[in-house]
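Have a look at the structure below before the remarks.
The values are calculated or read from the model by the stated rules, or taken from the named source; none is laboratory data. In this text, all values refer to a predicted model and were calculated from it rather than measured experimentally. Don't worry about glycine lacking a Cβ; one is built from the backbone with ideal geometry, like all the others, and counts go over all protein chains shown. Keep in mind that these areas ignore ligands, DNA and RNA; they rest on the heavy atoms of the full protein, side chains included. Shrake-Rupley method; radii C 1.70, N 1.55, O 1.52, S 1.80 Å.
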Amino acid sequence: MTATFDLVVRGGTVVTDAESRRLDVGVRGGRVTALGEGLGPASREVDASGLLVMPGGVDAHCHVDQRSSSGLMTADDFFTGGVSAACGGTTTIIPFAAQHRGQRLRDVVADYHLRAGGRAFVDYGFHLIVSDPTEAVLRDELPALVAEGCPSLKVYMTYDALKLSDRQLLEVFEAAGRLGAMVLVHAENSDAVAWQTGRLLAAGRTEPRHHPASRPALAEGEATHRALALAELAGAAVLIVHVSCREALGPIVSAKAQGRRVWAETCPQYLLLSAGDMDHPGFEMAKFVCSPPLRSPADQTALWDALSGGMLDLVASDHAPYRLHDAQGKQAHGTDAPFTRIPNGMPGLELRLPLLFSEGVVKGRLSAHQFVALTSTNPARLYGMYPRKGAVAVGADADLVVWDPHRETVVSHAALHDAMDYTPFEGMTVTGWPACTISRGEIVWDGQSVRGEAGRGRFVARAPLGA
């Protein structure tokens, strides 16, 4: 019998952001070409009986093959990061083309295309980090890069080598507003952080466990309020990244109630870990150093409520992979370094979906439809790649995760696929795990082994907001 399809995912329950139906998914030429019951024969079939079939995850905030402002490279590149993503059910990533001061933004993007081209394992786009918003960047380079498929940029309100003044923020917001580009904002009040940090260091509180106290929630809340006000003044659409606390949620909820073009994300570490997890002496706690820092259980509750109530729009990993036991990672300045000299960030690309499904869907905090929206459909829509990505629909890329909602797994870094030497979620028990991940019609993770070569991932040119 002649095969009708290249691949059929048969007998599963297809779950989208809006509905659940028992359907077969037929794939030809890397795209979904049919949805229905009893689809015809295929060259290859995946038995999804008793399993969920969802659009592959879109991780819209991860740092891959990126050099920090201090010169350190992330442990994961586009291959290892992409493999890790696929094994966790994510089929598209949007890392950052990071401009450092003095660089042309166009040169930065050209370099990232070269880095990704021969190494990418899953499909990808680029956000642009703008740390040097010169007239040439905003007038000439940014419009061309948006037109070429990079309609999102990130700005920082903290970190000396990256932060922009309020005047510079206004100039970036105004330029982005004209172009229909989304501006991602890392919102922390730099002066408040510096003041608080100085007090801690003067008191001899230098260990990693003191990092959360150095970046108070009020500093995040104030900067969030200011960023939203400046964006409104300049006519920009903004997304506040890695929201960690109640103080930041307040201005976001208020802006949304006014109908402003404001969105926000959080990350699994802020939902599942707290500053109390760090309250132990020794360098081992460096694995939890990230900014904004881990907060309180009350903040966790507020974030879960905001997710279930639609006030937070997506969940990203903020995968920032610096190895713990490595002179090019967390130990760059030795094991006695103060927390100010420890590279910020923690890994999470592979565990984003399992953690959110287990703690959200299984525990009744989120519906399966909300899970799909937060991890796939919403980021695809916001960042200009829907319905090609983030959908199980005829014509969409055949990016699918076949999900076992009952599989129980104890998290162990030894079983993960990134280039790291730890996971902050070690020993947690999660329910729900990818049984199979399909990228553009190709099985790239079969639940046991990785399939596919470096360079198979493709650049996704994205459309401006509202296009």
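Annotations for the structure displayed:
- The lone exception for L374 - which of (1) more than 19 Å from the chain's Cα centre (by Cα); (2) among the hydrophobic types (A, V, I, L, M, F, W, C); (3) in a helix (DSSP H, G or I) it fails: (1)
- Qualifying residue in the stretch 193-202 (condition: open to solvent by 10 Å² or more (accessible area, probe 1.4 Å), closer than 30 Å to G282 by Cβ and among the charged types (D, E, K, R)): yes
- Strands (runs of 3 or more DSSP E) wholly inside the stretch 51-146 containing at least 2 residues that are more than 17 Å from R456 (Cα to Cα): 52-55, 57-59, 96-98, 127-129
- One residue stands out in the stretch 413-423 among those that are open to solvent by less than 40 Å² (accessible area, probe 1.4 Å) and not β-branched (V, I, T): the one that is farthest from G30 (Cα to Cα), namely Y422.
- Residue, farthest from E19 (Cα to Cα), within the stretch 346-378, restricted to residues that are open to solvent by 20 Å² or more (accessible area, probe 1.4 Å) and among the basic types (K, R): K363
- So W304, is it buried (at least 17 other Cβ atoms within 10 Å of the Cβ), outside any loop (DSSP other than H, G, I, E, B) and in contact with a Gly (Cβ under 9 Å, 6 or more places away or on another chain): yes
- Selection over the stretch 202-223 of residues that are assigned to a helix (DSSP H, G or I) and under 23 Å from the mean Cα position of the chain (by Cα) gives a count of 7.
- Residues located in the stretch 233-271, provided they are of a type in the set (V, I, T), in a helix (DSSP H, G or I) and either under 30 Å from G427 (Cα atoms) or open to solvent by less than 10 Å² (accessible area, probe 1.4 Å) (or both): I252
- Restricting attention to the stretch 126-170, the residues being farther than 23 Å from D59 by Cα and surrounded by fewer than 19 Cβ atoms within 10 Å (Cβ to Cβ) number 17.
- Qualifying residue in the stretch 388-404 (condition: in a helix (DSSP H, G or I), hydrophobic (A, V, I, L, M, F, W, C) and either under 13 Å from M54 (Cα atoms) or in contact with a His (Cβ under 6 Å, 6 or more places away or on another chain) (or both)): no
- Only one of the listed residues (T80, T92) is touching a Pro at 6+ places or on another chain (Cβ under 9 Å), surrounded by fewer than 23 Cβ atoms within 10 Å (Cβ to Cβ) and not aliphatic (A, V, I, L, M). That residue is T80.
- Restricting the stretch 438-460 to residues that are open to solvent by less than 30 Å² (accessible area, probe 1.4 Å) and assigned to a strand (DSSP E or B), the residue that is nearest to I93 (Cα to Cα): S439
- Counting only residues that are touching a Lys or Arg at 6+ places or on another chain (Cβ under 9 Å), surrounded by fewer than 23 Cβ atoms within 10 Å (Cβ to Cβ) and not hydroxyl-bearing (S, T, Y), the stretch 47-59 holds 1 of them.
- Where S274 falls short, out of the listed (1) touching a residue at least 40 places away in the same chain (Cβ under 8 Å); (2) open to solvent by less than 30 Å² (accessible area, probe 1.4 Å); (3) of a type outside the set (A, V, I, L, M): (1)
- Within the stretch 1-38, the set of residues being surrounded by fewer than 20 Cβ atoms within 10 Å (Cβ to Cβ), in contact with a Ser or Thr (Cβ under 7 Å, 6 or more places away or on another chain), more than 19 Å from W445 (Cβ to Cβ) and touching a residue at least 24 places away in the same chain (Cβ under 8 Å) comprises A3, G11, T13, S20.
- Output for the stretch 315-345, where each listed residue is of a type in the set (K, R) and surrounded by 24 or more Cβ atoms within 10 Å (Cβ to Cβ): K330
- Meets criteria (touching a residue at least 12 places away in the same chain (Cβ under 8 Å) and out of contact with any strand residue (DSSP E or B) (no Cβ under 9 Å at 6 or more places or on another chain)) for F79: yes
- Qualifying residue in the stretch 386-393 (condition: free of Cβ contacts under 8 Å to residues at least 60 places away in the same chain and open to solvent by 10 Å² or more (accessible area, probe 1.4 Å)): yes
- Subset of the stretch 338-371 (residues that are over 20 Å from A161 (Cα atoms) and assigned to a loop (DSSP other than H, G, I, E, B)): P347, G348, L349, E350, L351, K363, G364, R365, L366, S367
- Looking across the stretch 213-232, the residues that are out of contact with any Asp or Glu (no Cβ under 7 Å at 6 or more places or on another chain) and open to solvent by less than 20 Å² (accessible area, probe 1.4 Å) come down to S214, T224, A227, L228, A231.
- Taking each residue of the stretch 183-201 that is outside any loop (DSSP other than H, G, I, E, B) and looking for partners that are modelled with pLDDT of 95 or more and basic (K, R) with beta-carbon atoms closer than 6 Å, six or more apart or interchain, yields L184/K154; S190/K163; V193/R215.
- Residues of the stretch 277-298 satisfying the condition of being open to solvent by less than 10 Å² (accessible area, probe 1.4 Å) and either outside any loop (DSSP other than H, G, I, E, B) or touching an Asp or Glu at 6+ places or on another chain (Cβ under 6 Å) (or both): M278, A286, P292
- One residue from A435, A463 being closer than 17 Å to E45 by Cα, surrounded by 15 or more Cβ atoms within 10 Å (Cβ to Cβ) and of a type in the set (A, V, I, L, M, F, W, C): A435
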